[in-house]
Amino acid sequence: MKIWIIGLRGTTATTATVGTLAAQRGLLPLEGLLTETAPFGALPLAEVQTLEFGGCDLSPGHLAGTAHATLAAVGAFPTAVVEAVMPELERISITRGTLRGGGRAVEALAEGEPDLSESAREAIDRITSDLQGFAAGAPAVVVNLASTEPLTDPALASWDLAALEQALDADDSRIPASSLYAYAAVQARLPYINFTPSAGASLPALIELARETGVPLAGRDGKTGETLVKTALAPMFAIRALTVEGWYGTNILGNTDGQVLADPENRASKITSKQGVLEACLGYSPEGDVRIDYFPPLADHKVAWNFIQFRGWGGHRMRMQFTWEGTDAVLAAPLVLDLARLINFAWQRGEAGPIGALGLFFKTPEGSPEMNLHRQYEALLRWVEAGGQQAEPALEDPALRLPAPQRRAS
Ligand SMILES: NC(=O)c1ccc[n+]([C@@H]2O[C@H](COP(=O)([O-])OP(=O)(O)OC[C@H]3O[C@@H](n4cnc5c(N)ncnc54)[C@H](O)[C@@H]3O)[C@@H](O)[C@H]2O)c1
């Protein structure tokens, strides 16, 4: 199976690509992949050994040129491992992406003057042709790992497909690059995953197009750190009738993602994506805030500190704090592979539109209102076992009933 990554030079994309190539050569253990555990390991998923990579970024070239510098910030792979896969990286070409609606912070990443002269239709057609050339008839999926865009104009959410087509004809600058890529993926009939908070395929018009065309979608914004812990922990307060009065979280990170998120326009997308989960898990919205600050000394590592104040018997107040220290790209890279394999599986089964059962992987799950991590995992198991999109969690069911995956193994 082939994986075409938007933002291929980025930290997550490079970590996923180099890690996979190294695992294929037996240089790294294949660890941290959900799809290698029961019951997923028994599914007819694309073998990791067969995965091939390609993609685009703001400037063309090949991955070998930037891999060392990008991976130095992550610190996950020994230099010898990166050297060993260099010949393959030299063969992974990066095509030119499109830069529209990325905001000042993303434009600043583009080398030299960003080329914004291409129309929306021209960009879609060029990218569709790149995708078709890359896939060359073989199974392939598209993953958005590009920088986070600012929030889109709310008007786009009211457009049907005809309105979107009209806006594309008029070269409406409100349609962001992430949605042009998503349109191209659907037009090329390739499953599309949005690992970022950007709009991507979440526009109702694009969902309509994906359903019409028979293309599965998954999104949005990978759940890899603070939000992962929150959606595992918040249900505990709910099922012990502990009232959460306040939940404050602050994140510091030092990578390029953090640099882009330092711009208030781009940060607003990420904060919106992080904010909805507590209300969905608890049934009410506690006081509190989510902060993100750029702190260069941390490079690709992220520190999140959360402070929770809750009430119990007789209204007595208690507190809990946790500190999460993660390496962003290391947490995200295996999810990219899991998602690529699972959406390809959905494609093989003829599913189209947002695959809600993949909500486990996202902060803003599309196609399912469920945010509780345990129930999301159950929904994924049901989807795998039942083989259909109807396998959604029962939201009114207060019990977690979390099964041990081993017991479900065939
Ligand atoms: N790593 C994680 O844990 C994690 C979790 C959730 C979401 N995400 C999201 O995934 C994305 C990637 O994260 P990262 O840390 O790898 O970021 P990064 O900044 O290292 O990489 C982003 C890449 O996208 C490229 N890019 C920007 N705009 C583009 C466009 N319009 N077309 C093509 N390429 C473009 C940049 O040049 C860069 O190479 C971000 O949006 C981030 O918010 C990451």
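Annotations
- Any hit, segment 231-245, residues being assigned by TED's automatic domain parsing to the domain that holds THR11, in a helix (DSSP H, G or I) and more than 11 Å from the ligand (Cβ to nearest atom): no
- Test: residue in segment 207-221 that is under 19 Å from ALA340 (Cα atoms), among the small types (Gly, Ala, Ser), within 16 Å of the ligand (Cβ to nearest atom) and open to solvent by 20 Å² or more (accessible area, probe 1.4 Å): no
- Whichever residue in segment 280-306 is among the hydrophobic types (A, V, I, L, M, F, W, C) and assigned to a loop (DSSP other than H, G, I, E, B) and, among such residues, is surrounded by the most Cβ atoms within 10 Å (Cβ to Cβ): ALA299
- Residue-level analysis places SER119 among those that are open to solvent by 20 Å² or more (accessible area, probe 1.4 Å), touching a residue at least 24 places away in the same chain (Cβ under 8 Å) and of a type in the set (S, T, N, Q).
- MET86 meets all of the listed conditions (1) at positive phi; (2) of a type outside the set (Ser, Thr, Tyr); (3) without any contact (Cβ under 8 Å) to a residue 60 or more places away in the chain but one, namely (1).
- Qualifying position, being surrounded by 22 or more Cβ atoms within 10 Å (Cβ to Cβ), at pLDDT 95 or above and among the acidic types (Asp, Glu), among GLU370, GLU366: GLU370
- Residue in segment 339-348 that is at pLDDT 95 or above, within 21 Å of LYS274 (Cβ to Cβ) and of a type in the set (S, T, N, Q) present: no
- Of all residues in segment 348-375, those satisfying the criterion of being within 16 Å of the ligand (Cβ to nearest atom) and either closer than 25 Å to ALA182 by Cα or assigned by TED's automatic domain parsing to the domain that holds PRO139 (or both) are LEU358, GLY359, LEU360, PHE361, PHE362, LYS363, THR364, PRO365, GLU366, MET371.
- Inside segment 246-279, residues that are open to solvent by less than 40 Å² (accessible area, probe 1.4 Å), in a strand (DSSP E or B) and not aliphatic (A, V, I, L, M) make up a count of 5.
- Boolean, THR148 is in contact (Cβ under 8 Å) with a residue 12 or more places away in the chain, in contact with a Leu (Cβ under 7 Å, 6 or more places away or on another chain) and open to solvent by less than 40 Å² (accessible area, probe 1.4 Å): yes
- For segment 286-322, filtered to residues that are among the β-branched types (Val, Ile, Thr) and within 23 Å of VAL260 (Cα to Cα), the residue that is nearest to the ligand (Cβ to nearest atom) is ILE292.
- Matching residues in segment 327-360 - criterion: being open to solvent by 10 Å² or more (accessible area, probe 1.4 Å) and in contact with a strand residue (DSSP E or B) (Cβ under 7 Å, 6 or more places away or on another chain): THR327, ASP328, LEU335, TRP347, GLU351, ALA352, PRO354
- Residue among ARG407, ARG382, ARG401 that is farther than 21 Å from LEU282 by Cβ, of a type in the set (Lys, Arg), open to solvent by 40 Å² or more (accessible area, probe 1.4 Å) and at pLDDT below 95: ARG407
- Of the criteria (1) more than 11 Å from the ligand (Cβ to nearest atom); (2) in a helix (DSSP H, G or I); (3) open to solvent by 40 Å² or more (accessible area, probe 1.4 Å); (4) modelled with pLDDT under 95, which one ALA108 fails: (1)
- If you go through segment 122-145 and keep only what is open to solvent by 50 Å² or more (accessible area, probe 1.4 Å) and among the acidic types (Asp, Glu), you end up with GLU122, ASP125.
- Applying the condition of being open to solvent by 10 Å² or more (accessible area, probe 1.4 Å) and not hydrophobic (A, V, I, L, M, F, W, C) to segment 184-195 and asking which residue is farthest from TRP159 (Cα to Cα) yields ARG189.
- Unmet requirement for TYR181, which otherwise passes all of (1) over 18 Å from GLY102 (Cα atoms); (2) assigned to a helix (DSSP H, G or I); (3) open to solvent by 10 Å² or more (accessible area, probe 1.4 Å); (4) in contact (Cβ under 8 Å) with a residue 12 or more places away in the chain: (1)
- Of the numbered criteria (1) open to solvent by 40 Å² or more (accessible area, probe 1.4 Å); (2) assigned to a loop (DSSP other than H, G, I, E, B); (3) more than 14 Å from the ligand (Cβ to nearest atom), the one LEU45 fails is (1).
- Top-ranked residue in segment 307-326 [being small (Gly, Ala, Ser) and assigned to a helix (DSSP H, G or I); ranked as most open to solvent (accessible area, probe 1.4 Å)]: GLY314
- Annotation note: Cβ proximity below 7 Å between a residue of segment 337-358 that is of a type outside the set (A, V, I, L, M, F, W, C) and a residue that is crowded, with 24+ Cβ neighbours inside 10 Å and in a loop (DSSP other than H, G, I, E, B) (sequence gap 6+ or interchain) occurs for ASN344/PRO191; GLY356/PRO365.
The values are calculated or read from the model by the stated rules, or taken from the named source; none is laboratory data. Fair warning: this is a prediction, and the values are worked out from it, not measured in the lab. Using ideal geometry, Cβ is built from the backbone for each residue, glycine included, and neighbour counts are taken over all protein chains shown. Just so you know, the surface numbers come from the protein's heavy atoms only, side chains and all, with ligands and any DNA or RNA stripped out. Shrake-Rupley method; radii C 1.70, N 1.55, O 1.52, S 1.80 Å.
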